[in-house]
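The values are calculated or read from the model by the stated rules, or taken from the named source; none is laboratory data. Predicted, not measured: the structure shown is a model, and the values here were computed from it. A quick note on method: Cβ atoms are made from the backbone with ideal geometry, for glycine too, and the neighbour counts reach across all protein chains shown. The protein model used for the area step is the full one, side chains on, heavy atoms only, and it has no ligands, DNA or RNA in it. Shrake-Rupley method; radii C 1.70, N 1.55, O 1.52, S 1.80 Å.
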Amino acid sequence: MTVAASDCIFCRIAQGEIPSGRIYADEELFAFHDIHPKRPVHFLIIPKQHLASLADATPEHQALLGKMLLKAGELARNLGLQEGFRTLINTGRIGGQEVYHLHVHILGGPEPVGPMVSG
Ligand code: AMP
Ligand code: ZN
């Protein structure tokens, strides 16, 4: 699915045009709380640059993808998830992706997150 950056809700969040529960930002990444948290802690890390999904990543995104995962661990620790957390990337229709701007979900809290997939 192709979405112009100006029409992309996560681009607009990263640019500060739409308010969000911001956790972290630097020149390449933006992290914010999920608006419909599935666990007591549920936040998203996105690249500021529009990239529709993991399936659209190319070798030029290698460092960015690595940076996103490193930042996931760092922010999870900062938010108290010392005992672990779930990281999740939904890709495309089959993967259940709803927002076509790459994002990593980080989920956690006092209780185990549960089975990797249901059913
Ligand atoms: P996915 O199914 O992986 O594309 O997940 C998209 C996620 O974005 C969902 O968990 C939504 O709750 C979350 N979301 C959608 N709009 C917003 C928003 N404006 N602020 C924060 N999270 C959002
Ligand atoms: Zn975008």
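Here's the picture: a label point sits 7 Å out from the Cα of Val113 along the beta-carbon direction, and within the range 12-39 the residues with their amide nitrogen under 13 Å of it are 38-39.
Pull up the cross-link candidates among the aspartates and glutamates for Lys38, meaning alpha carbon to alpha carbon under 16 Å and not fewer than 8 places away within one chain. The qualifying aspartates and glutamates are Glu98, Glu111. Keeping the other protein chains in place, figure out the carbon and sulfur percent of the accessible area of the chain, with a 1.4 Å probe. Ligands and nucleic acids excluded, carbon and sulfur reach 55 percent.
In whole angstrom, how far apart do the alpha carbon centroids of the range 41-59 and the range 61-108 sit? The distance from the Cα centre of the range 41-59 to that of the range 61-108 comes to 9 Å. Over the residues of the chain, the helix contribution to mean residue ellipticity at 222 nm works out to -6500 deg cm²/dmol, using -39500 (n - 2.57) for each DSSP H run of at least 4. Among Gln49, Gln62, Gln15, the largest mean-square fluctuation in a Gaussian network model of the chain, built with springs joining Cα atoms closer than 10 Å, belongs to Gln62.
Accessible surface for the chain, divided over its residues, is 62 Å² per residue with a 1.4 Å probe. The angle separating the long axis of helix 62-78 from the principal Cα axis of greatest extent in the chain is about 40 degrees.
Using Cβ point charges alone (K and R +1, D and E -1), the dipole size of the chain about the Cα centre works out to roughly 240 debye.
Taking every Cα-Cα distance in the chain and sorting them into 10 Å bins from zero, the calculated P(r) comes out as 13, 46, 34, 7 percent. Estimated at the nearest 10 Å², the accessible area of Arg86 is 60 Å² with a 1.4 Å probe. Cβ-Cβ distance of Val99 and Ala25, R₀ of 22 Å, FRET efficiency by 1/(1 + (r/R0)^6): the value works out to about 0.75.
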